[in-house]
Amino acid sequence: MDTQALIDALRETEAVRYGEFELSHGGTSDYYVDKYVFETSPDTLALIAEAFAERVGETKLAGVALGAVPLAATTSVETGNPYVIVRKQAKEYGTGNQIEGALADGEEVVVLEDIATTGQSAIDAVEALREAGATVSRVVVVVDRQEGAAENLADHDIELESLVTADELLAEADHDIDS
């Protein structure tokens with residue numbers, strides 16, 4: 001995967017924004033990576049799917065609702081691997097499922113995510129998948145903000161892989177500013 005091409009795509013879609021932002025875990029940051037901007041850009045989404053495809057092998061995919069569902073769907077099309085959707089909580093109607101899609105007991109699954117900060121949403125998804133009988137040892141994210149997600153996931157025997165780190169993304173921004 002061409003990391004620079006992905007960084008360029010994230011910047012060209014204006015998914016990387018600077019200012020003061022509140023993050024989902026309650027902290028604040030002077031930059032924000034807007035997943036809905038990059039996930040709704042067909043060219044950027046295609047780059048992400050290609051990069052994920054290089055990393056997932058023939059493993060079943062899982063996308064965490066809502067943000068990672070487009071990532072799982074496009075990677076599924078790219079690889080031919082089936083996927084499941086992991087809800088944050090079980091539905092209170094219909095089937096009452098937390099995991100949507102076919103999942104066999106003992107099946108190996110890799111979780112795809114958009115942004116990792118603390119990693120808590122990925123941990124919650126992995127725990128739900130494990131409770132449903134899946135074997136999960138990896139989470140692959142588009143951007144690792146490098147704010148503890150890798151360590152928190154490791155505490156749950158989960159490896160974090162990222163397509164781009166915050167250091168790479170912000171170093172490129174610093175380079176653009178200086179030039």
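Bear in mind these aren't lab numbers, they're just calculated from the coordinates by the rules spelled out. These numbers were taken from a predicted model, which means no experiment stands behind them. We place every Cβ from the backbone using ideal geometry, glycine too, and count neighbours over all the protein chains shown.
A few notes on this one:
- Take every pair of alpha-carbon atoms less than 8 Å apart whose residues are at least six positions apart; their mean separation over the length of segment 37-179 yields a relative contact order of 19 percent.
- DSSP bridge pairs, the chain: antiparallel proportion in percent, nearest 5: 25 percent
- Near-label residues of segment 62-77 by backbone N, under 15 Å of a point 7 Å along Cα→Cβ of Lys91: 65-66
- Ellipticity estimate at 222 nm from DSSP helix runs (n ≥ 4, -39,500 (n - 2.57)) divided over the chain, nearest 500: -12000 deg cm²/dmol
- Note on segment 39-103 and segment 129-169: Cα centroid distance 15 Å, given to the nearest whole angstrom.
- Backbone HN-Hα couplings from phi across segment 91-104 [Karplus 6.51/-1.76/1.60, Hz, Gly and Pro as x]: 5, 9, 9, x, 7, x, 6, 9, 9, 9, x, 6, 9, 8
- Value in Å of the Kirkwood radius, where the chain supplies the Cα pairs that are averaged: 16.5 Å
- DSSP-assigned coil residues among trypsin sites (Lys or Arg not before Pro) in segment 35-130, each with at most 11 further Cβ atoms within 10 Å: Lys91
- For Ser76, Ser137, the sequence from fewest to most other C-beta atoms within 10 Å is Ser137, Ser76.
- Amide H contacts under 5 Å for Ala15: none, restricted to partners 5 or more places along the chain or on a different chain, H placed in the peptide plane at 1.01 Å from N.
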